[in-house]
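Below is one structure; the comments refer to it alone.
The values are calculated or read from the model by the stated rules, or taken from the named source; none is laboratory data. Given the structure is predicted, the values throughout are model-derived calculations rather than measurements. Positions of Cβ are backbone-derived with ideal geometry, glycine not excepted, and every protein chain shown enters the neighbour counts.
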Amino acid sequence: MPDLQQKIHDLLNTLLRGDGATMRRRCAQVLHPDCAFEMSHPLGRLDGIDAIAEGFYAPLRAALRHVYRRDEIFITGMNRRAEGGQWIAAVTHYAGTFDAAFFGIKPSGRLAFLRAGEFYRVEDRRITQARIILDLPDLMRQAGRDPFGGQLGLEGLFPGPATHDGVLPKTGDGGASLDLVEAMLGDLHVYDPATGGSKGQTGADGYWAEDMMWYGPCGIGSNYRWEGFVKDHRAPFLAAFPDRKGGNHYCRIGDGNYAAVSGWPSMTMTHRGPYLGVAPTERDLTLRVMDFYRCAGGKIAENWVLLDYMDLMDQMGVDLIARSNAMSDEGLHGRNDAIA
């Protein structure tokens, strides 16, 4: 699939360039006529090229002036899950000047990097299915209106892999990378409520490198080493959702030193503790998840995570766009930390 992978990568990276007619022509080159995009909340499902162009790409072009795509990870592989098929998985940013509202989110008039996780199924040399999570809360944060009002870990742009080889990787064993990730996921589900620890995760024989980096979505942020991951993400999450069950993945692929998995939804859980400022609702919830991993020396070195927190908060009864838009514009312009 290397030539096809390169072709699709190139088309996706030029799709937003040029005028509207050029965009639609490139959509027809890379998307199957019956393609379906399942998008994070509030975009929903888009069926067919016209709906995808008008429901996603055109609003994106209108909101982020001169928008273009910057891939950090772009890998491909055969899906190990029952759904099967050839899939592409990507971590990207859509970069442009945030000059117009995007699905109701107030613009900043400044540079913005809209973070996205993407999974594409490929058949007959075109994309037939996509699932995409846009980190819209982070777009609000960059505009100076953080809907969560704070952070657990470090909030900022997703960095690319430390090895700078995540786009169309040329070396490494994708099967071994996915084996490692699947073994880790198998043990991660069972945990000690007192410590947040799970079998085999750390130590000389553990799955994670001692200097692991974990890059999370807006609301969680990023953290360093296992203890940082537990403090900034795992402990608060398990306290809020102690009965969470995960691993319901439709796609798992490996490519070179990378692996990617996704569930739509992946997790089912009950909201039993406060989380990101929301009091317990006792509601049964689901969570859409995308994880991307870089492996090195038989360990997981880096993990990029996209979670559909727009949908999760909507299930809790919280409208993050309305909350963000209600914030004052005072101090928005002239700040130095809008995307730091």
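Within the range 304-329, restricting attention to residues that are farther than 14 Å from residue 138 by Cβ and in a loop (DSSP other than H, G, I, E, B), the residue that is modelled with the lowest pLDDT is 329.
For the range 195-209, filtering for residues that are under 24 Å from the mean Cα position of the chain (by Cα) and either surrounded by fewer than 13 Cβ atoms within 10 Å (Cβ to Cβ) or on the phi > 0 side of the Ramachandran plot (or both) leaves 1. Just to be sure before I move on: is residue 114 under 19 Å from residue 9 (Cα atoms), free of Cβ contacts under 8 Å to residues at least 60 places away in the same chain and either not assigned by TED's automatic domain parsing to the domain that holds residue 6 or not in a strand (DSSP E or B) (or both) in the structure I sent? So residue 114 fails the test. For the range 168-194, the tally of residues that are of a type in the set (A, V, I, L, M), over 21 Å from the mean Cα position of the chain (by Cα) and over 17 Å from residue 239 (Cβ atoms) stands at 2. Taking the range 1-29 as the range and being hydrophobic (A, V, I, L, M, F, W, C), in a helix (DSSP H, G or I) and touching a residue at least 40 places away in the same chain (Cβ under 8 Å) as the test, the residues that pass are 4, 8, 12. Considering only residues in the range 61-81 that are over 30 Å from residue 163 (Cα atoms) and either touching a residue at least 60 places away in the same chain (Cβ under 8 Å) or not basic (Lys, Arg) (or both), the one that is surrounded by the most Cβ atoms within 10 Å (Cβ to Cβ) turns out to be 63. Among the residues of the range 308-319, is there at least one that is touching a strand residue (DSSP E or B) at 6+ places or on another chain (Cβ under 7 Å), of a type in the set (D, E, K, R), buried (at least 24 other Cβ atoms within 10 Å of the Cβ) and assigned by TED's automatic domain parsing to the domain that holds residue 215? Scanning the range 308-319, I find at least one residue that is touching a strand residue (DSSP E or B) at 6+ places or on another chain (Cβ under 7 Å), of a type in the set (D, E, K, R), buried (at least 24 other Cβ atoms within 10 Å of the Cβ) and assigned by TED's automatic domain parsing to the domain that holds residue 215, so the answer is yes.
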